[in-house]
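Asks: Pasting in a structure now, in structure tokens, and then I'll have a few things to ask.
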Amino acid sequence: MADWLTLVPALVAIVIVLWRKEVILALLLSLCSSELLIYFFSGGAVDPSLAVNGSINTLERIVAVTGDADNARILMFSLLVGGLLAYMRDSGGVSATVEMLVRKGVAKTPRQAGFLTFFISSVTFIESNLSSLTAGISSRGLFDRFKMSRARLAYIIDSTSAPICIIILLNGWGAYILGLLSNYSLGENAVSVLIGTIPLNFYALFALSAVLYTIITGRVHGPLRRAEQQLHTLSQHTEIDVPPSHPSFMLVPLFTLVAAMLGFMMMTGDGQLVAGSGSKSVLYATTLACLVAYSMMLFSRRFKHQQLVDIGFKGMSELLPLVTIVLLSLSLGSSLKLLGTGTFIASIVNENLPLILIPALLFLAGGLISVTTGTSWGTFAILIPIGMPMVELLGLPPSLVLAAILSGGVFGDHCSPISDSTAVSSVASGCDLLEHVKTQLPYSLVCGALALIAFIIAGALMI
């Protein structure tokens, strides 16, 4: 019976996200229940002091997690990237870059307009919402000119941004996942595991293939085809308008981030990129990119120091919910590891479930959690502490298990009407939210079904 009780925290997290659709509350209550069980199993009395001691232990668990250097670096990065995004946006660099690309006249046909949208969404891989906003706002006029619906535009940018971010990984997505992996001994470097997910991230690969099929052939299907026939656009489009300045205000910090990330990975890995420290590299690179963006804006004499400080802190405040999710997820992973939840789940799976089905089941679980919560990152935070102990104890391929979790999270995100990426894509493209959900859903379901089959086949071949 005691072994079965170790499942309670995981069940609490899943029930809360399905019922309340709140990831932070789910993680917090799950952490509290885990600490209560640890206190009880260690001989604590079942009396009114149980709740008090469990609550105190919960706070101490969070404090202990922040005491780890790698965890602290991930939390600092999560704040700094908010400031960097704000600098690039408020400087007018994003607007200027978009204007420059459009002015070059690289979109003379519907197909070229689609490829330009795909290209812009891909090169702004630093953050999925930035990718959607940049590509959507820059392509509205082009899609109107070539009589393509805003629903098609919303589909292209939404189904490109998250998949490209989860495949390229030189961004917040990669750092966030590295942070979640930091508590586990997977038999190889966490960066190697993350790189190994790229060819196995089947949903992301199928989603990008579907987008390229739509762009190249010009064919659309299902509700999206009806939207094309109606050419539905909103009479009033929501614009996110920052006056353009110069493309360098975006491109220079962006190139600094990418180059510095690679450079610091080489430096911390003694010349080997894969052996580098992801948490150190992303923190150092983001700090340097923030400094470059700050200096460029200050020396432009359009911004004063206090204005830049305010912009930076405003950008950081926008990511505070994300930082909270990271902190609670790291704490939950540490607590569940001590409680032995993963060990028990792994023993059940080992005895009662064919190992080859584990990746497919994790993909389905990720999709279910993500579609009901609207957050792929929250899904990663819940499933990685459950899936990684299976890797440690059952000898499963870490990259395949992680890829299944990542694919499931993005798949559910694309199907969810409450996802922030769905809302941002609708705003950026000027498409009605419900129309975007309705027109994208058939594509997401087809790609999800293909991904499920692929994970079953990969499980049979690799496990």
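The values are calculated or read from the model by the stated rules, or taken from the named source; none is laboratory data. Computed from a prediction, not measured in an experiment: that's the story for all the values here. Please note: Cβ atoms are built from the backbone with ideal geometry, for glycine as well, and neighbour counts cover all protein chains shown.
Asks: Does F303 fit the bill of being part of a helix (DSSP H, G or I), among the aromatic types (F, W, Y), surrounded by 14 or more Cβ atoms within 10 Å (Cβ to Cβ) and over 24 Å from the mean Cα position of the chain (by Cα)?
Replies: No: the conditions fail for F303.
Asks: Continuing with the same structure: Can you tell me which of S149, S139 is in contact with a Phe, Trp or Tyr (Cβ under 9 Å, 6 or more places away or on another chain), surrounded by 24 or more Cβ atoms within 10 Å (Cβ to Cβ) and farther than 22 Å from G82 by Cβ?
Replies: After ruling out the rest, the residue left standing is S149.
Asks: Which of the residues belonging to the range 444-460 are over 20 Å from the mean Cα position of the chain (by Cα) and either outside any helix (DSSP H, G or I) or under 16 Å from T214 (Cα atoms) (or both)?
Replies: V446
Asks: Also, quick follow-up: Could you tell me how many of the residues in the range 212-230 are without any contact (Cβ under 8 Å) to a residue 60 or more places away in the chain and under 19 Å from V437 (Cα atoms)?
Replies: 4
Matching residues to (1) within 30 Å of V282 (Cα to Cα); (2) of a type in the set (G, A, S); (3) in a helix (DSSP H, G or I):
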position	(1), (2), (3)
G105	no, yes, no
K108	no, no, no
R111	no, no, yes
F115	yes, no, yes
F125	yes, no, no
M148	no, no, no
S159	yes, yes, yes
A162	yes, yes, yes
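Asks: If you take just the helices (runs of 4 or more DSSP H) that sit entirely in the range 1-97, which of them hold at least 2 residues that are touching a residue at least 24 places away in the same chain (Cβ under 8 Å), surrounded by fewer than 23 Cβ atoms within 10 Å (Cβ to Cβ) and not hydrophobic (A, V, I, L, M, F, W, C)?
Replies: Filter on the range 1-97 gives 49-66, 69-90.
Asks: Specify the residue that is nearest to the chain's Cα centre (by Cα); the eligible residues are those in the range 232-254 that are surrounded by fewer than 13 Cβ atoms within 10 Å (Cβ to Cβ) and modelled with pLDDT of 50 or more.
Replies: D241
Asks: Here is a further query. With (1) touching a helix residue (DSSP H, G or I) at 6+ places or on another chain (Cβ under 6 Å); (2) more than 27 Å from C415 (Cβ to Cβ); (3) touching a residue at least 60 places away in the same chain (Cβ under 8 Å) as the list, and R111 as the residue in question, which single condition is left unmet?
Replies: Answer for R111: the failing condition is (1).
Asks: A further question follows. Looking at the range 108-125, which of its residues are surrounded by fewer than 18 Cβ atoms within 10 Å (Cβ to Cβ), under 20 Å from P247 (Cα atoms) and not aromatic (F, W, Y)?
Replies: Matches in the range 108-125: V123 only.
Asks: Could I ask something else about it? Given the conditions (1) touching a helix residue (DSSP H, G or I) at 6+ places or on another chain (Cβ under 7 Å); (2) modelled with pLDDT of 85 or more, which single one is not true for S419?
Replies: (2)
Asks: Here's something else I'd like to know. In the set S335, S329, S317, which member is at pLDDT 85 or above, closer than 25 Å to S30 by Cβ, in contact with a helix residue (DSSP H, G or I) (Cβ under 8 Å, 6 or more places away or on another chain) and not β-branched (V, I, T)?
Replies: Residue meeting the stated conditions: S335.
Asks: Any idea which residue in the range 113-145 is nearest to L208 (Cα to Cα), counting only those that are modelled with pLDDT under 80 and among the hydrophobic types (A, V, I, L, M, F, W, C)?
Replies: Per the stated criteria, the residue is F125.
Asks: Oh, and also: Among the numbered conditions (1) buried (at least 23 other Cβ atoms within 10 Å of the Cβ); (2) on the phi > 0 side of the Ramachandran plot, tell me where G105 comes up short.
Replies: So the condition that G105 fails would be (1).
Asks: Give the range 187-204 a look and list any residue that's surrounded by fewer than 20 Cβ atoms within 10 Å (Cβ to Cβ) and either assigned to a helix (DSSP H, G or I) or free of Cβ contacts under 8 Å to residues at least 40 places away in the same chain (or both), or say none.
Replies: Hits for the range 187-204 are S192, I195, G196, I198, P199.
Asks: Can you name the condition, by its number, that G342 falls short on among (1) modelled with pLDDT of 85 or more; (2) of a type outside the set (S, T, Y); (3) part of a helix (DSSP H, G or I); (4) farther than 24 Å from G172 by Cβ?
Replies: Result: G342 fails condition (1) only.
Asks: Can you tell me how many residues in the range 166-176 are at pLDDT below 90 and in a helix (DSSP H, G or I)?
Replies: Total meeting the criteria: 6.
Asks: Further question: Which condition does S429 not pass, out of (1) at pLDDT 85 or above; (2) more than 24 Å from L36 (Cβ to Cβ), if it passes all the others?
Replies: Exception for S429: condition (1).
Asks: Please specify each residue of the range 261-299 satisfying the condition of being of a type in the set (G, A, S) and modelled with pLDDT of 95 or more.
Replies: A293, S295
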